[in-house]
Amino acid sequence: MTEVPTQFEKDMAMSADELIEDFALGLMRVCDENLEMNKRRDPNYPDGDEIAYDVLYQSCVELFTPLSTKEDAMEAVERWVEHERWCVRALALGAKHLLEHGPFNFGPITGVEYVEGGQDDDDFDSFVVFADSVR
């Protein structure tokens, strides 16, 4: 009997580009479903990517974990930061921030430098500021 690989194992086996593409496709699907649902309620609802910040934040963090093990992670991320869809740009730039600076409440968003073992209690709030700056 062969074991079915876990999602983490599948992610680890992917190249950095494949990994980002897989996450990007998932985010675009969520955004498209949200837009479709909102358009059914209000046909005049404006077009655009709409996703809950917590879902986007979780996606960035989940992408970062396997991506951080890839030698070509930064090069792959750079290929995605100019994507036409906001949700994909936010994902790629979020992963890039995590690769470069660690949690979102460190680095250029807050001006605070990461110190090993430092607190990151308000990371989600800093992520929201970051995500809004991507638009």
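The values are calculated or read from the model by the stated rules, or taken from the named source; none is laboratory data. What you see is a predicted model, and the numbers here were worked out from it, not measured in a lab. Neighbour counts are summed over all protein chains in view; Cβ atoms, including those assigned to glycine, are modelled from backbone coordinates with ideal geometry.
Overview of results
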quantity	calculated
Cβ-Cβ under 8 Å pairs, at least 6 apart or on other chains, the range 33-54 side within 23 Å of Phe130 (Cβ to Cβ), far side of a type in the set (Gly, Ala, Ser)	Leu35/Gly48; Tyr53/Ala131
Unmet criterion (only one of (1) modelled with pLDDT under 95; (2) within 17 Å of His97 (Cβ to Cβ); (3) surrounded by fewer than 17 Cβ atoms within 10 Å (Cβ to Cβ)) for Glu9	(2)
The range 73-110, residues that are in a helix (DSSP H, G or I) and of a type in the set (Phe, Trp, Tyr)	Trp80, Trp86
Residue within the range 71-87 that is modelled with pLDDT under 90 and of a type in the set (Phe, Trp, Tyr) present	no
Some residue of the range 74-95 being touching a Phe, Trp or Tyr at 6+ places or on another chain (Cβ under 9 Å), farther than 15 Å from Phe124 by Cα and surrounded by fewer than 18 Cβ atoms within 10 Å (Cβ to Cβ)	no
